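Below: one structure, written as C-alpha cells.
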Amino acid sequence: MERLQKVIANSGICSRRKAEELILAGKVTVNGQVVTTLGTKVSDKDIVEVDGIKLMSEEKEYYLLNKPRGIVTTTSDDKNRKTVIDLIATKKRIYPIGRLDYDTTGVLLLTNDGEFANMIMHPKNEIDKVYMAKVEGILTGEAIYQLEHGIIVDNIKMVASKVKIKKVDSKTNHSFVEITIHEGKNHQVKKMFEAVGYHVEKLKREKIAFLTTKGLNSGEYRKLSNKEISKLYVLASKK
Ligand code: URA
C-alpha cells in the first residue's frame with residue numbers, strides 16, 4: 001500500500017506536490033470514488049484516475065551509479081548544484097535509494113520503484129552496505145568492539161555488523177577500515193567513527209550486497225539486470 005500522492009507522482013504524470021493539489025481539488029478518484037484526503041493508501045489493485053484518465057503504472061528502472069565526489073544525492077538542490085539525477089539519462093522520475101554525502105563516492109542505487117527502494121533500505125532485510133573509510137589515527141581493538149556492539153549517536157543505537165582494518169599507515173597515522181552496516185541514517189558512518197574518537201577523511205561505499213562499482217569509472221552508471229534484482233529480493237527474503 002502506498003500513499004495516493006506518491007502513486008500519482010510515481011506514474012510520471014506530475015510531481016508529488018502537484019498530485020496533492022489534484023487530490024485536494026477533487027480531481028482524483030480511487031475505484032470510481034472521489035478522494036480528497038491526502039495520504040489515502042492505495043494498492044496496485046486499486047484503479048486510480050486523474051481527471052478521468054486511468055493511471056498507467058510507470059515502467060520501472062533500476063540503476064547503479066559510481067557516485068563521484070562533489071555531487072549531491074537528492075532529486076533537486078536549492079543551491080542549484082549538480083545532483084546524481086543529472087548524471088543519468090532517463091525521462092523517468094527516478095530517485096536515489098538512501099543518501100551518500102557530497103564528498104562520499106561509490107555505489108549508489110537509483111530507481112522509480114518504491115517497493116524495491118524500501119526493500120534495500122529496511123534494516124530488517126539486512127542488506128549489507130559496505131564502506132571503506134580512511135580515518136585519522138590508528139583504530140584500536142576497543143573502538144572496533146564498540147562499533148560492532150553498538151554506540152548511541154543522536155539518541156539512536158547504531159551498530160556495525162562487521163569492522164575490519166584493511167591497512168594501517170603508521171607514517172601518516174591513518175587506518176583504512178572496511179565497515180558494514182545495514183541501515184542508512186544520515187552521515188551514519190562518519191558519526192559512528194566520531195563517536196569512538198576518529199575522524200573520517202575519505203569515504204567510499206564499495207558494495208551494496210554483491211553490487212560493486214566494477215567496470216564503472218567515477219560518474220558512470222549501468223542498469224541492474226533482472227537477475228540482480230531478483231537476487232536482491234531473494235537475499236532480503238532470507239532475513
Ligand atoms: N555514512 C556517512 O557518514 N556518509 C555517507 O555518505 C554514507 C554513510
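The values are calculated or read from the model by the stated rules, or taken from the named source; none is laboratory data. Only a predicted model underlies this, so the values are computations on that prediction, with no experimental measurement involved. Neighbour counts are summed over all protein chains in view; Cβ atoms, including those assigned to glycine, are modelled from backbone coordinates with ideal geometry.
Since Lys41 meets every condition but one in (1) under 25 Å from the mean Cα position of the chain (by Cα); (2) buried (at least 16 other Cβ atoms within 10 Å of the Cβ), which condition does it not meet? Looking at each condition in turn, Lys41 falls short on (2). Hey, can you tell me all the residues within the stretch 14-24 that are loosely packed, with under 11 Cβ neighbours inside 10 Å and at pLDDT 95 or above? Answer for the stretch 14-24, where residues must be loosely packed, with under 11 Cβ neighbours inside 10 Å and at pLDDT 95 or above: there is none. Of all residues in the stretch 212-239, those that are among the hydroxyl-bearing types (Ser, Thr, Tyr) and closer than 14 Å to Asn125 by Cβ total 2.
Collect the residues in the stretch 68-83 that are within 18 Å of Arg222 (Cα to Cα) and within 12 Å of the chain's Cα centre (by Cα), keeping them in residue-number order. The one that is within 18 Å of Arg222 (Cα to Cα) and within 12 Å of the chain's Cα centre (by Cα): Thr73. Confirm whether Thr213 is away from the ligand (no atom under 16 Å from the Cβ) and assigned to a loop (DSSP other than H, G, I, E, B). Taking the combined requirement at face value, the residue does not satisfy it. Whether a residue is acidic (Asp, Glu), buried (at least 16 other Cβ atoms within 10 Å of the Cβ), in contact (Cβ under 8 Å) with a residue 12 or more places away in the chain and under 30 Å from Lys204 (Cβ atoms) was assessed, and Glu61 passes this test. If the condition is being closer than 20 Å to Leu232 by Cβ and either assigned to a loop (DSSP other than H, G, I, E, B) or more than 14 Å from the ligand (Cβ to nearest atom) (or both), then the stretch 67-82 contributes only Thr73. Strands (runs of 3 or more DSSP E) fully within the stretch 85-188 that include at least 1 residues being in the same structural domain as Lys202 (by TED's automatic domain parsing): 129-136, 151-153, 156-158, 162-169, 174-181. With the structure loaded, tell me whether Lys60 is in a strand (DSSP E or B) and of a type outside the set (A, V, I, L, M) or whether it fails that test. Answer is no for this residue.
Does at least one position in the stretch 219-233 carry a residue that is in contact (Cβ under 8 Å) with a residue 12 or more places away in the chain, within 16 Å of the ligand (Cβ to nearest atom) and in contact with a helix residue (DSSP H, G or I) (Cβ under 8 Å, 6 or more places away or on another chain)? Looking for residues that are in contact (Cβ under 8 Å) with a residue 12 or more places away in the chain, within 16 Å of the ligand (Cβ to nearest atom) and in contact with a helix residue (DSSP H, G or I) (Cβ under 8 Å, 6 or more places away or on another chain), one finds none in the stretch 219-233, hence no. The residues of the stretch 181-230 that are of a type in the set (S, T, N, Q) and surrounded by 18 or more Cβ atoms within 10 Å (Cβ to Cβ), listed by number, are Gln188, Thr213. Looking only at residues that are of a type in the set (Asp, Glu) and more than 9 Å from the ligand (Cβ to nearest atom) in the stretch 91-125, which one is surrounded by the fewest Cβ atoms within 10 Å (Cβ to Cβ)? Checked the stretch 91-125; the qualifying residue surrounded by the fewest Cβ atoms within 10 Å (Cβ to Cβ) is Glu115. In the stretch 173-195, the residues that are in contact (Cβ under 8 Å) with a residue 40 or more places away in the chain reach residues that are within 8 Å of the ligand (Cβ to nearest atom) and basic (Lys, Arg) with C-beta atoms within less than 6 angstrom, at least six apart or across chains, in these pairs: Ile181/Lys129.
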